[in-house]
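This report refers to the structure that appears directly beneath it.
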Amino acid sequence: SALEEIGDILELKAEDSFKINAYRRAAESIENLSENVEDIANQGKLDEIPGIGKSIAEKINEFLKTNRIKYLEDLRKKVPSGLVAMLQVAGLGPKTIIKLNKEFKIKNIDDLKKLLKTHKISKLKGFGLKSEENIEKGIEQFKRNQERYALGKIYPLACDIVEKLERASGVDKVSLAGSIRRMQETIGDIDILCTSKKPEKAIEVFVSLPQVKEIQEKGTTKAVVILKNDIEADLRVVKPESFGTALHYFTGSKAHNIKIRTMGEKKGLKINEYGVYKTNKHRGKRIEDRVGGKTEEEIFKAVGLPYIEPEIRQDMGEIEAAEKDKLPRLIQLCDIQGDLHIHTTYSEGKNTIEEMAKAAIKMGYKYILISDHTKKIGITHGMDEKKILKQIKEIDKINAKFQSSNIKFKVLKGVECDINSDGSLDLPDKILGKLDIVIAAIHSKFNMDQTQRLIKACENPHVDIIGHPTGRRLGFRDPYKVDLEKLMNVCKKTKTILELNAAWERLDLNAQNCRKAKEKGLKISIGTDSHSINSLSMMQFGVATARRGWLEKDDIINTQANYQLLGQLN
């Protein structure tokens, strides 16, 4: 976003860290909003958003009215744009970028790639061949992620477009399609299907949306636009009788669709985006009779299968499971009874314990787990023994307050305890023993093999959950090296839970590893890793990943309404 870019440029200019963080906090607050920022601006309430003061509010208003921020444009003149882009390369911090710029006059990633071939970086003080290797890996990862967008960043925008189309006069059914409907963790573009008695009007509504920056194609039944965030969005208007087959076709995956069409051919059916047809002969002529297409259910019924949910349409065994009537009953968002990973103002969170609890109550939850960071990872206000004991007392008071008001909700006491490089924990057992649930996680020294480090943490009797087990951050950091097979076997023995971290930049465990954990009989927890009340909605991305991993209600521990059972995890 523009605010993030301002923060990036200020960091490259070595400006005051408070100023840098102010823009980044503001960008994060807007990103986590549950309503449209334009609506808030129109009400004159931008300064009511956490982290947004008068100065930043003025810049947001300027951007919404003119699609530009003069302050940002002035900043861009002072720092080459290529240097700002380099901040997205894992392993390159602002100090490193500035140093390489001064020493070798590099101005962009292409310059950096050429410089790496000379091995001059390794000769700089504080650098070495390993530094060059890490930078090279970072560039490769950066290139891979340029063509894909994180689901969590794009999904709210896509849903907003769908809602606007649904409200438009003359538009009937509307649905997302493609990888975004399958809830893939990264997507290439936004695909939308709708039916309408007036296709031209539906197209006109779509291309006139405020999110649209450029119209690339505008026909009578299809339009392609580039949105203001530079992602492509496509709308196809189809006939009502073809909506189901078109939706199935454009949802994919390609491998799944081919298999379904092949099954249809064996039954004398032709399945395409327009319908399901039965081939008959009449007076020597070949006639195709439409036998379905209005709904996706008609397609699956035609080939003798029950409905298969979009998230598992990957040709990864779902069709074979359907044939044997062994499809999983996938977990639903409404099954979640509580959030098991919450940060508050006790560490680097933006809301108090009570504020997080009240927001969770509004979502219909029965409990949340407060799991602030310990000090080891460098959080200024991280949890030590003294702060943990203080927090325990506050949680007791809040729970007593809820009980006296007859509110059936529990704030569980926990911590996200850092795992040291030798596998020991950042807090003593005497403190961990006072908590309901302990999450142990790695936040440092990512280049080492983490298997034994995680195994030792699992063997600590106070550790209940291993947080974000592979340490990945989509678009920023690849998973660290860990033998998940070995770790899962130990978790089975110690009854340790593996977390599915629902934060959209993590989604860790990923879907494949969730399925592997299920096959081993392990239990999973889903937590949003929320640092504000606005982030609690990220649970939907955790549930989507769980669904893609074939997980059912009983595979997830926080589908239990009885929080007391959670305190006896292992």
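Residues are listed down the side, and each one gets a yes or a no for (1) under 30 Å from Arg313 (Cβ atoms); (2) of a type in the set (Phe, Trp, Tyr); (3) touching a residue at least 24 places away in the same chain (Cβ under 8 Å):
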{"residue": "Lys78", "(1), (2), (3)": "no, no, yes"}
{"residue": "Lys123", "(1), (2), (3)": "no, no, no"}
{"residue": "Ile135", "(1), (2), (3)": "no, no, yes"}
{"residue": "Lys143", "(1), (2), (3)": "yes, no, no"}
{"residue": "Arg167", "(1), (2), (3)": "yes, no, no"}
{"residue": "Ser179", "(1), (2), (3)": "yes, no, yes"}
{"residue": "Met183", "(1), (2), (3)": "yes, no, yes"}
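Tally the residues that are surrounded by fewer than 21 Cβ atoms within 10 Å (Cβ to Cβ) and within 19 Å of Lys259 (Cβ to Cβ), restricting the search to region 286-295.
Here the count works out to 0.
Name every residue in region 242-271 that is under 24 Å from Cys194 (Cβ atoms) and among the aliphatic types (A, V, I, L, M), in order of residue number.
Within region 242-271, Ala246, Leu247, Ile260, Ile271 qualify.
How many of the residues in region 340-376 are in a strand (DSSP E or B) and either without any contact (Cβ under 8 Å) to a residue 40 or more places away in the chain or among the polar types (S, T, N, Q) (or both)? Give the derivation first.
Of the residues in region 340-376, the ones in a strand (DSSP E or B) are 340-342, 367-370, 373-374.
The next check asks that each one be either without any contact (Cβ under 8 Å) to a residue 40 or more places away in the chain or among the polar types (S, T, N, Q) (or both); those that pass are 374.
Residues flagged as in a strand (DSSP E or B) and either without any contact (Cβ under 8 Å) to a residue 40 or more places away in the chain or among the polar types (S, T, N, Q) (or both) within region 340-376 amount to 1.
Here are some conditions: (1) out of contact with any Pro (no Cβ under 9 Å at 6 or more places or on another chain); (2) open to solvent by 10 Å² or more (accessible area, probe 1.4 Å). Asp429 meets all but one. Which one does it not meet?
(1)
Hey, does region 41-52 have a residue that's touching a residue at least 24 places away in the same chain (Cβ under 8 Å), surrounded by fewer than 20 Cβ atoms within 10 Å (Cβ to Cβ) and among the aliphatic types (A, V, I, L, M)? Step through it out loud before you land on a result.
Of region 41-52, the ones touching a residue at least 24 places away in the same chain (Cβ under 8 Å) are 50-52.
Narrowing the set further to residues that are surrounded by fewer than 20 Cβ atoms within 10 Å (Cβ to Cβ) leaves 50-51.
Next cut, among the aliphatic types (A, V, I, L, M) only: none.
The answer is no, given that none of the residues of region 41-52 is touching a residue at least 24 places away in the same chain (Cβ under 8 Å), surrounded by fewer than 20 Cβ atoms within 10 Å (Cβ to Cβ) and among the aliphatic types (A, V, I, L, M).
Name the single residue, out of those in region 505-533 being touching a residue at least 60 places away in the same chain (Cβ under 8 Å) and on the phi > 0 side of the Ramachandran plot, that is nearest to the chain's Cα centre (by Cα).
Residues of region 505-533 touching a residue at least 60 places away in the same chain (Cβ under 8 Å): 505, 507, 510-511, 525-533.
Pick out the ones that are also on the phi > 0 side of the Ramachandran plot and you get 507, 529.
Details: Leu507: 6, Asp529: 11 Å.
By that ranking, first place goes to Leu507.
I'd like the full set of residues that are open to solvent by 50 Å² or more (accessible area, probe 1.4 Å) and in contact (Cβ under 8 Å) with a residue 60 or more places away in the chain, limited to region 479-504.
Taking region 479-504 and keeping what is open to solvent by 50 Å² or more (accessible area, probe 1.4 Å), we get 479, 481, 483, 485-486, 489, 492-493, 495.
Lys495 - this is the single residue of region 479-504 that is open to solvent by 50 Å² or more (accessible area, probe 1.4 Å) and in contact (Cβ under 8 Å) with a residue 60 or more places away in the chain.
Would you be able to say whether some residue in region 304-320 is farther than 27 Å from Phe402 by Cβ and of a type in the set (Phe, Trp, Tyr)?
Here is the first cut: in region 304-320, the residues farther than 27 Å from Phe402 by Cβ are 304-320.
Those left that are additionally of a type in the set (Phe, Trp, Tyr): 307.
Yes.
Need a quick list: helices (runs of 4 or more DSSP H) entirely within region 18-89 having at least 3 residues that are modelled with pLDDT of 85 or more and closer than 26 Å to Ser537 by Cβ.
The helices (runs of 4 or more DSSP H) meeting that bar are 54-66.
Considering only residues of region 513-545 that are farther than 17 Å from Leu484 by Cβ and aliphatic (A, V, I, L, M), which is surrounded by the most Cβ atoms within 10 Å (Cβ to Cβ)?
To start, the set of residues in region 513-545 that are farther than 17 Å from Leu484 by Cβ comprises 526-544.
When the remaining residues are screened for being aliphatic (A, V, I, L, M), the result is 526, 533, 536, 538-539, 543-544.
Values: Ile526: 29, Ile533: 23, Leu536: 23, Met538: 24, Met539: 21, Val543: 24, Ala544: 26.
By that ranking, first place goes to Ile526.
Restricting attention to region 189-213, report how many residues are farther than 22 Å from Pro240 by Cα and open to solvent by less than 30 Å² (accessible area, probe 1.4 Å).
Total meeting the criteria: 3.
Within the set of pairs 6 or more residues apart or between chains, which connect a residue that is among the small types (Gly, Ala, Ser) inside region 380-409 to a residue that is open to solvent by less than 60 Å² (accessible area, probe 1.4 Å) and part of a loop (DSSP other than H, G, I, E, B) with Cβ atoms less than 6 Å apart?
Gly382/Ser347
Any idea which residue in region 456-478 is farthest from Gly423 (Cα to Cα), counting only those that are open to solvent by 10 Å² or more (accessible area, probe 1.4 Å) and part of a helix (DSSP H, G or I)?
Only one residue tops the list, namely Glu459.
Take the residues of region 175-188 that are open to solvent by 30 Å² or more (accessible area, probe 1.4 Å) and not in a loop (DSSP other than H, G, I, E, B): which is farthest from Trp550 (Cα to Cα)?
Thr186
For region 440-455, which positions are in a loop (DSSP other than H, G, I, E, B) and touching a strand residue (DSSP E or B) at 6+ places or on another chain (Cβ under 6 Å)?
Going residue by residue through region 440-455, those that are in a loop (DSSP other than H, G, I, E, B) are 442-450.
Selection gives Ile442, His443.
When both residues are 6+ apart or on different chains and their Cβ atoms are under 6 Å apart, which pairs have a first residue that lies in region 444-457 and is closer than 13 Å to Leu484 by Cβ, and a second that is in a helix (DSSP H, G or I)?
If the second residue must be in a helix (DSSP H, G or I), the pairs left are Thr451/Lys486; Leu454/Leu487; Ile455/Val490.
Taking into account only those residues within region 377-426 that are open to solvent by less than 10 Å² (accessible area, probe 1.4 Å) and in a loop (DSSP other than H, G, I, E, B), which is nearest to Ala561 (Cα to Cα)?
Gly382
Sort out which residues of region 349-376 are open to solvent by 60 Å² or more (accessible area, probe 1.4 Å) and within 24 Å of the chain's Cα centre (by Cα), and write them in order of number. Explain how you work it out, then say what you get.
Taking region 349-376 first, the residues open to solvent by 60 Å² or more (accessible area, probe 1.4 Å) are 350, 355, 358, 362-363, 366, 375-376.
Scanning region 349-376 gives Lys350, Glu355, Lys358, Lys362, Met363, Lys366.
Consider Asp172 against the criteria (1) in a helix (DSSP H, G or I); (2) among the charged types (D, E, K, R); (3) open to solvent by less than 80 Å² (accessible area, probe 1.4 Å): it satisfies all of them except one. Which criterion is unmet?
Here Asp172 meets the rest and fails (1).
Across region 214-241, which residue is nearest to the chain's Cα centre (by Cα) among those that are buried (at least 20 other Cβ atoms within 10 Å of the Cβ) and of a type in the set (Gly, Ala, Ser)?
Ala233
For region 60-116, enumerate the residues that are within 30 Å of Pro210 (Cβ to Cβ), open to solvent by 70 Å² or more (accessible area, probe 1.4 Å) and either over 31 Å from the mean Cα position of the chain (by Cα) or not β-branched (Val, Ile, Thr) (or both).
Of everything in region 60-116, those that are within 30 Å of Pro210 (Cβ to Cβ), open to solvent by 70 Å² or more (accessible area, probe 1.4 Å) and either over 31 Å from the mean Cα position of the chain (by Cα) or not β-branched (Val, Ile, Thr) (or both) turn out to be Phe63, Lys65, Asn67, Arg68, Lys70, Arg76, Lys77, Ser81, Gln88.
Counting only residues that are closer than 13 Å to Asp554 by Cα, open to solvent by 10 Å² or more (accessible area, probe 1.4 Å) and either of a type outside the set (Asp, Glu) or out of contact with any Ser or Thr (no Cβ under 7 Å at 6 or more places or on another chain) (or both), how many does region 312-335 have? Before the answer, list the steps.
Here is the first cut: in region 312-335, the ones closer than 13 Å to Asp554 by Cα are 328-332, 335.
With the extra rule that they be open to solvent by 10 Å² or more (accessible area, probe 1.4 Å), the set shrinks to 328-330, 332, 335.
In the following step, the residues that additionally are either of a type outside the set (Asp, Glu) or out of contact with any Ser or Thr (no Cβ under 7 Å at 6 or more places or on another chain) (or both) were identified as 328-330, 332.
Residues in region 312-335 being closer than 13 Å to Asp554 by Cα, open to solvent by 10 Å² or more (accessible area, probe 1.4 Å) and either of a type outside the set (Asp, Glu) or out of contact with any Ser or Thr (no Cβ under 7 Å at 6 or more places or on another chain) (or both): 4 in total.
The values are calculated or read from the model by the stated rules, or taken from the named source; none is laboratory data. Remember, it's a predicted structure, so these values are computed and weren't measured experimentally. Counting neighbours? That spans all protein chains shown, and the Cβs are built from the backbone with ideal geometry, glycine included. These accessible areas exclude ligands, DNA and RNA; they are computed on the full protein's heavy atoms, side chains included. Shrake-Rupley method; radii C 1.70, N 1.55, O 1.52, S 1.80 Å.
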